[in-house]
Amino acid sequence: MKGRDTTRAPVPDPAAGPAGSSAIDSAELVVRAAAGDAAAWRGLIDRFSGRLFGFVRAQCGDPELAEEITQSAFATVAAKLPGYVEQGAFESWLFRIAMNRLRDEMRRRKRHAVAMEGGTLADLAPRPAETRTGVEPAVRTALTEAIASLGESDREVISLRHVGGMSFQQMADTLEEPLGTLLARHHRALRKLREFLMARGIDGI
């Protein structure tokens with residue numbers, strides 16, 4: 001698409017969240033971008049890149065890889081957007097592309113036994129506790145450790161909801177699971193977090 005920059009998607013601070021203050025909704029941006037509107041394309045990047053980066057970073061613990069995956073996901077979207085028909089699922093589509101790219105990369109690294117840098121969630125931002133004001137550092141640290149204790153599947157659900165900022169329906173669309181199954185998974189993951197924290201004398205999270 002002429003005029004569209006797909007080489008580098010800028011990654012803002014993921015804690016800043018989506019640029020949802022725009023009067024133009026996401027669906028309209030998608031339609032305009034698909035028609036070749038470069039400004040609309042930049043609007044989509046500004047709106048979604050922060051949360052996408054935050055989600056991928058929370059999954060892999062590697063900021064450089066998270067940026068690479070984020071850029072790759074947007075490049076894929078740019079290539080496929082001319083034939084894309086917006087049906088309110090753009091965000092789920094974008095996140096699913098990034099998830100698949102990340103899974104492929106993690107499988108590749110595992111095959112080649114490449115150690116990840118910064119592989120603990122203690123290095124990550126944002127985390128659920130950090131979205132709240134007045135959280136004690138000890139509680140924040142414990143929550144980080146609790147998230148790190150989750151399996152990949154549970155951590156994925158927590159990250160989509162509390163870092164990616166998705167609705168449960170968007171999460172279900174992204175993971176291609178029934179909504180009821182997704183809700184049960186999220187409930188189970190939260191229960192594990194609470195049990196981990198309560199075992200350390202922390203309640204009310």
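The values are calculated or read from the model by the stated rules, or taken from the named source; none is laboratory data. Every value quoted in this text rests on a predicted model; they were computed, and no experiment measured them. As a convention, Cβ positions derive from the backbone with ideal geometry for all residues, glycine included, and neighbour counts pool all protein chains shown.
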query: Is it fair to say S92 is of a type in the set (G, A, S) and in contact (Cβ under 8 Å) with a residue 60 or more places away in the chain?
result: yes
- prompt: For residues in the stretch 153-186 being hydroxyl-bearing (S, T, Y) and either assigned to a loop (DSSP other than H, G, I, E, B) or under 15 Å from the mean Cα position of the chain (by Cα) (or both), which is nearest to E91 (Cα to Cα)?
  reply: T174
- prompt: Could you count how many residues in the stretch 153-169 are of a type outside the set (G, A, S) and either touching a strand residue (DSSP E or B) at 6+ places or on another chain (Cβ under 9 Å) or free of Cβ contacts under 8 Å to residues at least 12 places away in the same chain (or both)?
  reply: 1
Set A78, A73: member being in contact with a helix residue (DSSP H, G or I) (Cβ under 9 Å, 6 or more places away or on another chain), among the small types (G, A, S), touching a residue at least 24 places away in the same chain (Cβ under 8 Å) and crowded, with 21+ Cβ neighbours inside 10 Å: A73
task: With the condition kept exactly as written, say whether any residue in the stretch 127-138 is modelled with pLDDT under 80, crowded, with 20+ Cβ neighbours inside 10 Å and under 14 Å from the mean Cα position of the chain (by Cα).
output: yes
